[in-house]
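*Asks:* Can you keep this structure in mind? I'll have questions shortly.
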Amino acid sequence: MANGGSNNNNALFSTMVRSGRTTYFVDVREAKNGNKFISISESRLDADDKKQRTTVRVFGDTVEQFRQAIDEAAAAVAH
C-alpha cells in the first residue's frame, strides 16, 4: 500500500508490510520546520494481545546512510 497520505493524516507517503502479528509502517512526513523525514513504526501484538508500537525517525541528512545500512543488512540476510 503506497499513497499520498490518504490513510495517514500528515504523511506525504505511506506503505505497510505485514508479517504475522507484526505490521511495519514506513512513512515520509514533514516536520513543522518543513524538513522531511522517514518514520518507521513497528506495531505488534504482545503475549497478552496488547498492541505495542515502536517508532524510529530518520531525518533527511542521514536517509542515504540509513538506506545503505538497510541494503547491506538485507544482503547479509539473503546469503
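Computed from the coordinates by the stated procedures, all read-outs in this text should not be read as laboratory data. Only a predicted model underlies this, so the values are computations on that prediction, with no experimental measurement involved. Glycine gets a Cβ as well: all are built from the backbone with ideal geometry, and neighbour counts include every protein chain shown.
*Asks:* Would you compute, from DSSP H runs of 4+ residues alone, the mean residue ellipticity of the chain at 222 nm, taking -39500 (n - 2.57) per run and dividing by the full residue count, rounded to the nearest 500?
*Replies:* Result for the chain: -6500 deg cm²/dmol, rounded to the nearest 500.
*Asks:* Work through the residues other than residue 58 whose Cβ is under 12 Å from its Cβ and net out their charges, Lys, Arg +1 and Asp, Glu -1.
*Replies:* Value of the local net charge: +1.
*Asks:* For Rg/Rh (Cα atoms, Kirkwood Rh), the choices are (1) 1.01; (2) 1.75; (3) 1.28; which was calculated from the structure?
*Replies:* (1)
*Asks:* Put a dot 7 Å past each Cα toward the Cβ at residue 64 and residue 10; how far apart are the dots in nm?
*Replies:* It is 2.8 nm.
*Asks:* In nm, to one decimal, how far is the residue 76 label point from the residue 56 one, both placed 7 Å along Cα→Cβ?
*Replies:* Rounded to a tenth, the inter-label distance reads 1.2 nm.
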